[in-house]
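Undergrad: Below is the structure I would like to discuss, written out as structure tokens.
Coordinate-derived values only; no laboratory data. Everything numeric in this text was worked out from a predicted model, so none of it was measured. FYI the Cβ positions are ideal-geometry reconstructions off the backbone, even for glycines, and counts take in every protein chain you see.
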């Protein structure tokens, strides 16, 4: 599997929580890992927001939020510093407007680590 490039060349030595919220960034693989993680978090936020807005009768707003966060996640995956910053700021503003929770803080922490990775990748 390793010769085909299907697995990481070195296993992660960090704990699950540290790896999720504030992993160490030493190689390009670490930056790619955080970009992928940010993409999936943005995709999850996009889908959950769309479903919530659709059930409350705001399909157009739900579609707009879905496209915003999904395309922002694509930008995070491609190491765009601007996309990572815009997605994080938008999510934080939404958190302040709707009320904080532990899950929202966790998602914001993952988005912050994605911003950190895009910052390191572009320097």
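Undergrad: With r as the distance between the Cβ atoms of residue 82 and residue 56 and R0 = 30 Å, compute the FRET efficiency 1/(1 + (r/R0)^6) and round to 0.05. Spell out each step's value before the answer.
TA: Values: r = 30 Å, r/R0 = 1.01.
So the FRET efficiency works out to roughly 0.50.
Undergrad: To continue, here is another question. Suppose the chain between residue 94 and residue 47 were pulled fully straight at 0.36 nm per residue; how much longer would it get relative to their current alpha carbon spacing?
TA: Numbers: separation 47, 0.36 × 47 = 16.92 nm, distance 1.54 nm.
Gain in length upon complete extension: 15.4 nm.
Undergrad: Here's another thing I want to ask about it. With a ≥ b ≥ c taken as the square roots of the eigenvalues of the C-alpha gyration tensor of segment 47-123, please select rounded if a/c is under 1.5 and otherwise prolate if a/b is larger than b/c or oblate if it is not? If you can, show how the numbers build up before the last one.
TA: Values: a/c = 2.82, a/b = 1.58, b/c = 1.79.
Oblate.
Undergrad: Taking the simple approach of a point 7 Å from Cα along Cα-to-Cβ for both residue 67 and residue 109, what is their distance in nm?
TA: Inter-label distance under the simple model: 3.4 nm.
Undergrad: Please give the peptides 97-103, 87-93, 56-62 ranked by average Cβ packing (other Cβ atoms within 10 Å per residue), highest first, as a rough proxy for protection.
TA: Per-residue Cβ counts within 10 Å, averaged per peptide and sorted highest first, yield 87-93, 56-62, 97-103.
Undergrad: Give the relative contact order (percent, whole number) for segment 27-121; include only Cα pairs under 8 Å separated by 6+ residues.
TA: Numbers: 101 pairs, mean separation 35.2, N = 95.
Reported as a whole number, the value is 37 percent.
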